[in-house]
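Asks: Sharing a structure, written as structure tokens. Questions coming.
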Amino acid sequence: MSEDKKIAELRNSLQEAPGAPEFVELAELLAENPEFRPEAREVCFRGLTADPHNLVGRLTLARLFYLDGLGEFCVRELVELRRQNPAPAVDKLLKSFGGFAEAFLDGASSVASTETSNVSETEEDTVAEIDLDVEFEEALDELTKESA
């Protein structure tokens, strides 16, 4: 089956059940093309609204934020993921963000608030330059094994 056909099939199936586990697969397929990343994030938002405990979905959303240089949002999702499942690979990812993540970890209760954080633009730019592909893959492997 072609990738375009698979995407169309997943879009159709998720119309009725946006929280179905397949939302992660659709988001990952869409994320391969930077033009479709906003749609991939929206798929994750809808999926996580319906199933907020989908750990792989939350990691996928964090990765999408990371890929688009939205470090603050990435870290917020990783902190929430850590709250739900304190997997060592998630801790490793958060540690990779250094001081940037510490502001969220120290005030984890404020992560869910709508207030603006005290993260500077310099810290945000630094996060955008970190290469965490391996760490995201390790976290995905760990979460996938735990959910199996």
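Asks: Which of the residues spanning the stretch 36-90 are among the hydroxyl-bearing types (Ser, Thr, Tyr), in contact (Cβ under 8 Å) with a residue 40 or more places away in the chain and surrounded by fewer than 22 Cβ atoms within 10 Å (Cβ to Cβ)?
Replies: none
Asks: Okay, next question. Which numbered condition in (1) surrounded by 15 or more Cβ atoms within 10 Å (Cβ to Cβ); (2) outside any loop (DSSP other than H, G, I, E, B) is the only one that Ala20 fails?
Replies: It fails just one condition, (2).
A short reminder: the numbers here are calculations on the coordinates, not readings from a lab. Since this is a predicted model, take the numbers as computed values, not measurements. Note that we place each Cβ from the backbone using ideal geometry, even for glycine, and neighbour counts take in every protein chain shown.
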